[in-house]
Each structure stands twice: as structure tokens, then as C-alpha cells.
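Read through the structure below, which is laid out as C-alpha cells, and then see the notes.
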Amino acid sequence: MKPVTIGLLGLGTVGGGTVTVLQRNAGEITRRAGRDIQIRSAAARDLSKQRPFETQGIHLTQDPFEIVNDPKIDIIVELMGGLSPARALVLTALEQGKHVVTANKALIALHGNEIFAKAREKGLMVAFEAAVAGGIPIIKAIREGLAGNTVEWLAGIINGTCNFILTDMREQGRDFSEVLSEAQALGYAEADPTFDIEGIDAAHKLTILASIAFGIPLQFDKVAVEGISAITAADINYAEALGYRIKLLGIARRSARGIELRVHPTLIPERRLIANVNGVMNAVLVKGDAVGPTLYYGAGAGAEPTASSVVADIIDVVRALTSDPENRVPHLAFQAGAIADMPILPMTEIESAYYLRLSAVDQPGVLADVTRILADHHISIEAILQKEPPSGETQLPVIILTHRVIEKDMNAAIAAIGALSTIGGNITRIRVETLG
Ligand code: NAP
Ligand code: HSE
């Protein structure tokens, strides 16, 4: 049988990893797919760049539209990133009757509803396993493996760059920007690394996970997002003294009041497995009503781990080439007509425990004022840690762990505490989740 032909858009970290894995594992891949898979063409911006993989036999071009319009290509693999021209390329590929594989979470989170509608109209597949959690097959696990469950909630470390930085800050105490540069050199970070450190990349991935877990439309604009740029080494150390680790978590939870969609730094008890996921590794905890909690772990970024997911998607598409579109697994796990628009809760309505760090004047009665304000807002305290003021300073750090409270009550309490003349500077607030 004639080989299935691939057009590769992008020859960077993930594109290079995909070429390498397709070439090295060609025999095993053909045994699984039932057909040979051949990269016919690939696009990159700079064709003179030295690449650490073999491109002989692949037609190279700077024009990705030449590839999506080539009638000899069966599957487009989009690994360029960004929204433009990626959106136009994917829509053109579908218009031309080509299946699509992509690792582009921004594209799926923001334009997925439009892309899947076009793919359904044309009876084509759009596969995006590599868009979430790198090499972990989390899309397949939720979409297929957990299909019998009502998913109650999920929580994940879904940005490798942030986890790499937070791990290094805790273990080595290195400077934030130095560790970020290392993550960029290793190919983990996005083209614009503020997407990583400000939580946007994790929010793109959470948008996708929530959609396939709950059968809701992709709605990135409803995710509450806070990144790790305000996390200090002091917070990491205080959290550790209280038995917690700080991780950037993406959390999606369904309740009778609506769905929570949030990304923020989170204190997690160190006894939880997920609190011990370090470096570039990712992990996603999914709680299904039938199966209970399940945990998926693996490399969240990097050339070959991500290529592992891209190539698995290519094989899935090749296997499905002769199948009837109506009998394929739906793009977003639920049948298109059964996607339900459930309300998304505003952040002020979510319930969480909190870590607070304040800077207080070292004099009698200050802590009593703070605890009275918390009590007035129905917030009970789980633990207080009061440190000696650094030498020569009169303000001392006070760390408070609270029980669960509705966020709007915590906002009001923080405003009242901040107005005390004995409290200086900003009050740091980090949410705490036990994930039990
Ligand atoms: P990358 O290393 O920057 O590679 C991007 C590639 O696209 C480069 O080869 C670049 O060409 C090419 N390119 C960009 N714009 C182009 C244009 N207009 N025309 C032709 N070629 C163009 O990015 P990456 O890290 O591989 O990421 C690719 C995608 O995978 C992104 O959506 C990213 O979010 C996603 N992803 C990345 C990882 C990871 O670990 N890196 C993991 C999961 C998902 P040049 O090489 O000539 O510059
Ligand atoms: N920049 C992303 C991360 C790549 O660090 O997780 C993987 O999606």
C-alpha cells in the first residue's frame, strides 16, 4: 500500500523531535499503523539553520501554505505555534480535505470550536494530544479511558517551565531569571515565556481538559489566571515549614453552583504524590465518580516527549483513514450536539483555604487585630507562624493558614487587614488545596 504522506509545519523543538521519532521508530510505527508514514515536506522560517536531525528526502520550504495546498499530502502536522498564520493554515488544510495533528494549545483553546466545526463539516480528524501535558496521553485517558465516568474534578501541574522554575527555587535557591533561561535553552518555554510564567499556557491547557472532561465548549476567556512571577523564595520556605509545596495548578471542578476554571500557584500538602512532581515533569489528577482519583505523570515538555504524543496522534489518524467519520471518537469527547453550556463560576465565588503572609509591626495587639478581622469575615485559622524580624527591622513576617472560605470573604478580610496602620506593604495570598 502507498505510504501516508505528512506535511510538517515547523522544524523547531517539537518538529525536530517528531522527525527524529518517525525516522528512528519507522519499523515499529508501520507495524502499529498498518501503513508506512513518510514526511513529504516541511516548513521553517530559516532554511539555512543547522538542524540536529536528518532532513534528507524532505522537501523544505519557507511557505507553509505551499504544503497545506499540496494535493499529495494526506496529513498536516502543525508545530509552528501561535495563532497566525496557524489558524488560517489549519482551516485551509481542512478545507483541502486533510486531517490535522497539532501541538498548539493556544490555537485549540482559542479557535478550537471553529476548527472542530470545520473538521466535522468535512468529516476529518483534528488530533491534539501533544497540546496538553507534553508526553502524557491525558487527552486519550480522559476522552476514552474514563468515558464511563462523570468527571468531578481535575487538577494538574500542566506547565513544565513553571514546575522547573519552582523546583529549582526550592531545591537550589537559584535566581528566577537564570532558571527561566535554562528552561528556554532546553526548549521547554513558549516563544513568549510570559505565557508560561503568567499562567496563560496552563490556562490554554486547562481550557482543553475542562472541555473534554465536562463536555463544555472551549472557553479560554472564562479561566481565572494567576502566574508564578510573584512567588518568592520566602513563600516557598514558609510553605515547606508548614508541610506544603507550592505548585502552579490548573483546577477544573464541577459543583451544583457551576464549574470552576482556575490556574494559580497553590500550596499542596507534601504528602500528596502530586506535590512531589518536580522539574519539567507534569502530572494530572482526575477524579471520576466510578474510578475514584487517578494520576497521570510524565514529561510535560521537550522534543521527544512531546513528539511521542504527536506521533501517537499521527498513527491514530492513519488507523482511522478508512473509518466512517460518524464512528470516530468525537474531537471533544462528547458528541458535538451534546456539548452543554454550563455556567462558569466567577473567582469571587470559589471556595479555598488560604496561605497569607503579612508584614506586621512588632508590638502587642497586632495579631489580635488581624485574627479579629478574620473572625468577623467567618474565616477560621488553621495555623500561624510568626518569625523574628530580620536584624535591624521592626516589621516581622506573619504567616497564616486558614480553613476553607469563599474567595469574596477573603478579599474583604485582606482589604481590612491591609488598612491596619500596623500592617505594612502588600499581603501575599496563595490558595491551598488538599486534593483529598
Ligand atoms: P519552536 O521551537 O519555536 O519551533 C517553531 C517552528 O516553526 C520553527 O521551526 C520555525 O522556523 C517554524 N515557524 C514559525 N513560524 C513560521 C512561519 N511563519 N513559517 C514557516 N515556519 C515557521 O516551537 P516549539 O517549541 O517546537 O513549539 C511548537 C508548538 O508546539 C507550539 O504550539 C508549542 O506551544 C507546542 N508545544 C511545545 C512543547 C515544547 O516542549 N516545546 C510541548 C508541547 C507543545 P525556524 O526554525 O526557522 O525558526
Ligand atoms: N511551554 C510549555 C511548558 C511546553 O513549559 O509546559 C509544553 O506544553
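The values are calculated or read from the model by the stated rules, or taken from the named source; none is laboratory data. Keep in mind that what you see is a predicted model, and the values were worked out from it rather than measured. So basically every Cβ, Gly included, is an ideal-geometry build from the backbone, and we count neighbours across all protein chains shown. In case anyone asks, the SASA skips ligands and DNA or RNA and just uses the protein heavy atoms, side chains included. Shrake-Rupley method; radii C 1.70, N 1.55, O 1.52, S 1.80 Å.
Holding the Cα-Cα limit at 24 Å, pick out from Lys98/Lys140; Lys2/Lys140; Lys118/Lys140; Lys98/Lys222; Lys122/Lys222; Lys72/Lys118 the pairs that are longer than that.
Working: Lys98/Lys140 22 Å; Lys2/Lys140 28 Å; Lys118/Lys140 22 Å; Lys98/Lys222 31 Å; Lys122/Lys222 29 Å; Lys72/Lys118 21 Å.
Exceeds cut-off: Lys2/Lys140; Lys98/Lys222; Lys122/Lys222.
Give me the accessible area per residue for the chain, probe 1.4 Å, as a whole number in Å².
Working: 18120 Å² over 436 residues.
So the chain comes to 42 Å² accessible per residue, rounded to a whole number.
Using the eigenvalues of the Cα gyration tensor, what equivalent ellipsoid semi-axes result for region 349-432 when each is taken as the square root of five times the eigenvalue, whole Å, largest first? Walk me through the intermediate numbers first.
Numbers: eigenvalues 96, 31, 24 Å².
So the three semi-axes of region 349-432 are 22, 13, 11 Å.
Hey, got the Cα dimensions of the chain along the principal axes, in Å, largest first?
83, 47, 33
Gaussian network model of the chain, Cα springs within a sub-10 Å range: biggest mean-square fluctuation belongs to which of Ala256, Ala233, Ala412?
Highest fluctuation among the options: Ala256.
Tally Lys/Arg at +1 and Asp/Glu at -1 over every other residue whose Cβ is under 12 Å from the Cβ of Ala233; what's the total?
On the way: positive: Arg170, Arg174; negative: Asp168, Glu171, Asp175, Asp235, Glu240.
It works out to a net charge of -3.
Can you give me the C-alpha center-to-center distance between region 166-199 and region 90-138, rounded to a whole angstrom?
28
For the chain, with all protein chains present and a 1.4 Å probe, just round the carbon and sulfur fraction of the accessible area to a whole percent. Can you show the working numbers first?
On the way: 9130 of 18120 Å².
Carbon and sulfur atoms account for 50 percent of the accessible area of the chain.
Can you compute the helix-only [θ] at 222 nm over the chain? Use -39500 (n - 2.57) per DSSP H run of at least 4 residues, normalise by all residues, nearest 500 deg cm²/dmol.
Values: 13 runs with 144 residues, N = 436.
That comes out to -10000 deg cm²/dmol.
Measure nothing fancy, just the Cα-based angle from helix 407-418's long axis to the longest principal axis of the chain, in degrees from 0 to 90, nearest 10.
The two axes meet at around 50 degrees.
Just the number, please: percent antiparallel of the DSSP beta bridges in region 138-299, rounded to the nearest 5. Provide the component values of the computation, followed by the final result.
Working: 30 of 32 bridges.
Of those bridges, close to 95 percent are antiparallel.
For the chain, set up a GNM with springs between Cα atoms under 10 Å and report which of His264, His111, His99 has the largest fluctuation.
In this elastic network of the chain, the residue with the biggest mean-square fluctuation among His264, His111, His99 is His111.
Using only the Cα atoms, work out Rg/Rh for region 140-191, with Rh taken as the Kirkwood radius, to two decimals.
Values: Rg = 16.0 Å, Rh = 13.2 Å.
Ratio of gyration radius to Kirkwood radius: 1.21.
Using protein chains only and a probe of 1.4 angstrom, how many square angstrom of Lys408 are accessible, to the nearest 10?
Taking all protein chains as shown, Lys408 has close to 100 Å².
Would you work out the relative contact order for region 349-432, in percent, from Cα pairs under 8 angstrom that are 6 or more residues apart? Don't skip to the answer; put the middle values down first.
Working: 149 pairs, mean separation 41.1, N = 84.
The value is 49 percent.
Just the number, please: percent antiparallel of the DSSP beta bridges in the chain, rounded to the nearest 5. Show your work: numbers first, answer last.
Values: 51 of 75 bridges.
That works out to approximately 70 percent antiparallel.
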